[in-house]
Structures are given as structure tokens and as C-alpha cells.
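The values are calculated or read from the model by the stated rules, or taken from the named source; none is laboratory data. The structure displayed is predicted, hence computed values, not measured ones. Cβ: placed from backbone, ideal geometry, glycine included. Neighbour counts: every protein chain shown. The area values use the complete protein model at the heavy-atom level, side chains included, leaving out ligands, DNA and RNA. Shrake-Rupley method; radii C 1.70, N 1.55, O 1.52, S 1.80 Å.
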Amino acid sequence: MKRRIFDYYAGTCNGRGEIPRAFDEGHYEESEVRGCGLKPLRILASGTLGAVLATSVFMTGCGGAGSSSSGPGTPPGPLTVSLSTSTVVAPQDGTPGNVNVTVSGANAGSSVSVAASNLPSGVTSQFARVAGGFSGTLSLVAGSAAQAGTYPASVVATNGTQTTSQSFVLVIAIVASIGNSVDTTLGVGGKFEQFISTSFQPAEWDYQFFQNHAATEPALLNKLGPQHIRLQGLSQAVPMKANTGSATDWDFSILDAIVQPVLTVGDNSPEFQIAAAPAFLNDPASGHFVFSTASVQAFADYSANLVRYYNKGGFTWGGKNFVSPSSPQHQITWWGIYNEYNINGMTPSEYIQLYNTLVPAMLSVDSTIKISAMELSVADPTTDLPPFVAPPASGGVNAQVNVVATHFYPTCNQRDVDTTLFDRVPQMVQYINYVYQELGTRADLKNVPIWVTENNVNADYDNGNGMSNCIPAQKFVLDPRGTSTFFAAWRPYVFSQLGKAGNQALYHWDYGADPQYGEVDYGTGSTYLSFWVDYWLGQMFPSTLGFPGPNILQLIVTETSSAEILGTKNGDGSVIVMVVDRAVHASTDNNGTGDPRTAIVDVSALGTFSGVTSITIDAKTNATSGPASLNITPAQKISVTLGGYGVTFLKLKP
């Protein structure tokens, strides 16, 4: 029995001038090879073979020459190492990422070690040499603990006193495996039934938007394709100015400068939010509604006249008939009752009383209208939901409810970092789950959908003297994340997460505005990057009321902390995969660039496709023309790489 076994000698002789067995067959006792004057590469336990991992050492021996070495006695040349690629992708599912390594300049009979250096945690390597030489293949394997990202690494070759290295980029890729089954735990019974929309706030400060941009609007708005565009008239756009009985009590000019163009675009069915009461019903100091039985009834009468104006041929006041110019061709079906009562001086019980009075008065004018309730500012929902859904006999709502609406801004402070804004999205998912839970406690409300009717990155604004409205001691600064590349990661992430939670509408706040809020610049009329983000979300995930959205496909993703991936299947067999890079580069980043991410999308379970198109919105996207659509070759595994914040849409055609 052999006492010591040596692994892989490179040579052709032993102490007797002959080789005892074929070289590739295995191992030799020390006595059989000692005559060559060579040292063994590795001593192994009897009957075992060691795995060569991060480092391999190999030699040429006994008068033989390797294919890339100098001859015997020849001084070695400069040691060099070259790689077949400068980037190695190691998917998180353990599939090896390979790179060919060529080593040159080592002398015959010398030993050369090759090692992978500076590998991140969770990554192992194995080097397999080509027989008879110094070169070989380096395989890199990312384990489950390896974090996705892009890392600098290198290959180091050592020959005696000579050392050389060659750097490369190691990409640890996320793997997303798309299944062919519907995930019925997500969305609305497995359907992604969330439509995308936008908003206007008619008031004296912006009512001339369509007049100022007649060359481009409402064509751009129509291109965006929003459903049930939200109209929130405030200040001088509230059309009832007084209650004297004179015709001068009403003036629709500022309001209709926005409402009438909006009625002609999209689905011709906006949602009119009766955001505030006429000024004479409000406290002059706070602007809040002064609550009393008489004021609630006056508010209900005002609301009923709005329905008459837009839907029923108008109303007469002070001897004058007031009627919408678009009536009867375009009417308003959807109506929202008040705006953010929970931060505007009204208690839950007062709001319920207001709602229970206004809605019947409006329905008495037009029984076909639909009502959006609550329109909450995001706060603690446990304060507002339980009273609203309580049994009517216990003070709960008793009027018609077609939608429950809420708003979502992750911050009201421009100093909050990117990580904070991303981290608050899961909190909003919990909020939506809670609302559905509470609605489910009443049989007549359990099927009522939730709409998020305001959404953007920051709710703050200038309070009129250059200071923050939310933090009065802090100077107000526009938060550019509402239109920057950050938005190309943040809004798709929100859209995916809320849609999977069963939310059925996501409204941008607002359409024509500044770089913090707009989809279109109010001053120039040009599109922001946010316009194209919302446009493609609407194009890729179409959903209309009464028409089921696409199926949400089952999905296994190796990492979700820095990317959001969504797969859906349409009725025509086409599949949409959305890949969002939301990786934050540094914890202190505020409107940062993000960090690169690569995702390997495995669609092998879905069968074959005739074509694939790819659309990416990122820092390279032109905000005026939008992203380009690229055709790519169908494959079972499709690699998507984003260089920072951004989103890629893949459309696979059957």
C-alpha cells in the first residue's frame, strides 16, 4: 500500500528514467519521482483527491518544457497574466462565472501559482489549468450570502520572486425565475388591476396651463393616457364665492380653464374632488371648514349644484343659468368628498357626518355618479378607519362608497436621504393591507377598492416666505427627486409594491408643475423624466375599471433588498417583466445616482417567444424624447444591467 500520494506531477521521468504509469492516470509514491529532483505539488490523504480552489500551483519537469515557458537554463522573461474578459458575472444561484487566464513568461521547471484576489464575502473560486501549461480557467461562484453588486477583483500569478496581476470586474447578479403559474396571493386574486393616472389643482396660480401651452396640450396629456384624471379645485377655483342669491355668487372661469380641456382627453371621465367648501363656510384664519349642522347642509347644497352644472344641464342662481360648456357630451361620473380631512381640522365623526349628508344630496341629482371617500393624508389609519367602517347604527358611514382613497408621500423633509424614501414603501403596503382589513369587517364594504390618489416623493412646499411648510424653521428647497433619475427607480418600485398589495389606482401629484412635482414643466411645457416613467408603466401594465388587468406570475428572486422585479402575463400570451434598480450607493445619498445592478431573468418555464423588446429609463434617457425600444434575441435567460437608479421593461412576444 502506498504511504504517501502526490498530486499531478508535470514530468516524464522518475529515479529510474522511466514513468511508472500514464501521467494523467493519477499519483506517484515519493520514491518513484524523487529522481527528477522535483517536489510534490500537494500531499494528499491516501486514496483522495484535493480540490484546487482559489490557488493552483503547477510545474514543468525533467527536461520537458511547458507550452508557455522558457527552455531549461534560459532566464525567465517578464511574468504576465491576461484574461479573456474584463467582466465576470457570477449569478446568485451558484452558476459559475468563468474567465480564461493566460500566464506567460515563467521558466520551465518552475512553479506558478494563480489566485483570485479581493473577492467579496460569499464568493469562492476554483482554478483549473490546461494540461501541460500554466494557463487555465478561473471559475467564480456566488453563494447565497453574496450581496448583489459590482466589485473590483484581480487575478494574481506568482512565479518564484515574480508576481503579476490583472484586474477585472466581478458582477454578482440577482436571479429572477419567472414561473408559468398565477400568484393568486397577490393583487386582486392574482390580477394586477392598478391603473396609473395624474392630477391637476385648478387655482389662480396655475389655471392658465392649457392656454399657455396650446401647441402641446392637451396632446401630451392624452398621450400619457391617464384614467379618471383627478381635479382638485382650491382657492379662487372654488366656483361659489358668496351666498347672497345674486348671479355674481358663482364664477366657473378659473375652474373650467382646467376642467374643460381635461374632459376631452384620456377616458373623458375625470374624478372631481370637492376638496374644500366655499370660503364663506370656512374659518378665515385657518381656512378649515367651520362645522355645524347649517354649514354641513350648505356644503351639501353647493355640492349638489356642482353635479347639476356638469351632469344635468346646469342650475339657475340669481336669474342666471350656469351650465358646463361640455354638457351633455362630457359629464363627471367620479366625485371625491373633501381633501385630507384628517390634517385639515376635522374629526373622524365630523367627516362621517359630512359624507353622509353630501353624498345623498349629490345622488339625488344624478343617481349614476360614483363616490370616492376619505382622501386621507397618510397618518395613523387606526384613528380614521375604525369609526368610518363601524356599523351605521354605531355612527359609521351609511352613504354610498365606491372607492376609499388615500395619499402617499414618503417624506415632508428634503433632507431625508434616498434610503428613507425607499424604506417607507413597505410601510405603505402595510397601510393598504390594514385598510382592506378594516373594509372587510362590513359586508357592504369588503369589495370596495383602494385608490392612492396622490403620490410623489415629497409633500413639502414653500409656505409663502421661502420657508418649509412642513418644517417652518427650515428653508424650503425643491426636492428634484420627483423628476430626476431617482424617480425612475422609486415610482416603479411603488407601483409594483402597491399593485401587488391590491391597490387599484396610483395618481401622480401633479401633472403641470415644478421639478419636485411635475410630469410636464409648468413654465416651458416640456416633459420631465417622470412623464416617461408613468407613460411606460401605463403602457406595460394596462388596466381599466371593469376590465381585468394582467395575471401576476409566480416569481423567485434571490435578492429583493436592492431591486424590484415584477412579471405579468397578458391575455394575448405576451409577458412583461419589469426590473427596477433601487440600490442606494451610499447611506448618505440624497438624490444620488444609485448603484449598478445586474439581474438574470430566467423565463425558461414560460416556453419560447418569437421576439423580445427592451425599454430602459435611467440617467441616459432623454427627458424630451423618452426611451428607445430595442429588439433583443429571445433566450431562456435574459441579462438586464442598470448602471444605477432606473427601470427596464422586457416585453416577450409569443
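What to note about this one:
- For the chain, the relative contact order is 12 percent, taking Cα pairs closer than 8 Å that sit 6 or more residues apart in sequence and dividing their mean separation by the residue count.
- Rounded, prolate or oblate (a/c below 1.5 giving rounded, otherwise prolate when a/b exceeds b/c) for the chain by Cα gyration tensor: prolate
- Prolate/oblate/rounded label for the stretch 152-225 (Cα gyration tensor, a/c 1.5): oblate
- Here r is the Cβ-Cβ distance between Tyr434 and Thr137 and R0 is 51 Å; the resulting FRET efficiency, rounded to 0.05, is 0.40.
- Cβ-defined net charge surrounding Asn243, 14 Å radius [Lys, Arg +1; Asp, Glu -1]: -2
- Spin-label zone in the stretch 317-335 - amide nitrogen under 19 Å from a point set 7 Å from the Cα of Ser246 along the C-beta vector: 317-322
- Modelled label positions at Phe547 and Ala285, each set 7 Å beyond Cα in the direction of Cβ, lie 5.3 nm from each other.
- Packing-based ranking, highest mean first, of 447-456, 626-635 given that Cβ atoms within 10 Å are counted: 447-456, 626-635
- Anisotropy class of the stretch 386-446 from Cα gyration tensor, a/c 1.5 cut: prolate
- Two-site FRET efficiency, Asp462 against Val130, from Cβ-Cβ distance with R₀ of 60 Å, rounded to 0.05: 0.30
- On Cα atoms only, tilt of 293-311 relative to the major axis of the chain in degrees: 80 degrees
- C-alpha long axis of helix 529-540 to longest principal axis of the chain, angle in °: 90 degrees
- Mean Cα-pair separation over length for the stretch 569-649, i.e. relative contact order, pairs under 8 Å, 6 or more apart, %: 42 percent
- The C-alpha radius of gyration of the stretch 137-186, expressed as a fraction of 2.2 N^0.38 Å, stands at 1.90.
- Assuming charge only on the beta carbon of Lys and Arg (+1) and of Asp and Glu (-1), the dipole of the chain about its Cα centre is about 2160 debye to the nearest 20.
- With the simple spin-label model, which puts each label point 7 Å out from Cα in the Cβ direction, the Thr264 to Ser625 separation comes to 2.9 nm.
- Per residue, in Å², the accessible surface of the chain once ligands and nucleic acids are set aside, probe 1.4 Å: 40 Å²
- Ser165 versus Ser82: modelled label distance in nm, points set 7 Å from Cα along the beta carbon direction: 2.1 nm
- Summing Lys and Arg as +1 and Asp and Glu as -1 over all other residues whose Cβ lies under 11 Å from the Cβ of His228 gives a net charge of 0.
- CD proxy at 222 nm, helix term only [per DSSP H run n ≥ 4: -39500 (n - 2.57); per residue of the chain; nearest 500]: -5500 deg cm²/dmol
- Surface composition of the chain: carbon plus sulfur atoms contribute 52% of the solvent-accessible area (1.4 Å probe, protein chains only, all chains present).
- Segments 274-281, 158-165 sorted - mean Cβ within 10 Å per residue, highest first: 274-281, 158-165
- Cβ crowding within 10 Å averaged over residues, with 93-101, 529-537, 255-263 ranked highest first: 529-537, 255-263, 93-101
- Nearest 10 degrees, 0 to 90: helix 485-500 Cα axis against the chain principal axis: 80 degrees
- Seen from Tyr461, the other residues with C-beta closer than 11 Å to its C-beta sum to a net charge of -4, counting Lys and Arg as +1 and Asp and Glu as -1.
- Spatially proximal lysines relative to Lys320 (Cα-Cα < 30 Å; intrachain offsets below 8 disregarded): Lys241, Lys312, Lys370
- Counted residue by residue at 0.36 nm each, then reduced by the alpha carbon distance between them, the extension gain from Lys320 to Ser154 reaches 51.5 nm.
- Across the stretch 293-337, C-alpha contacts under 8 Å between residues 6 or more apart give a mean separation that, scaled by the residue count, equals a relative contact order of 30 percent.
- Cα centroid of the stretch 387-444 to Cα centroid of the stretch 175-229, whole Å: 20 Å
- Alpha carbon centroid spacing (whole Å) that separates the stretch 308-351 from the stretch 521-573: 32 Å
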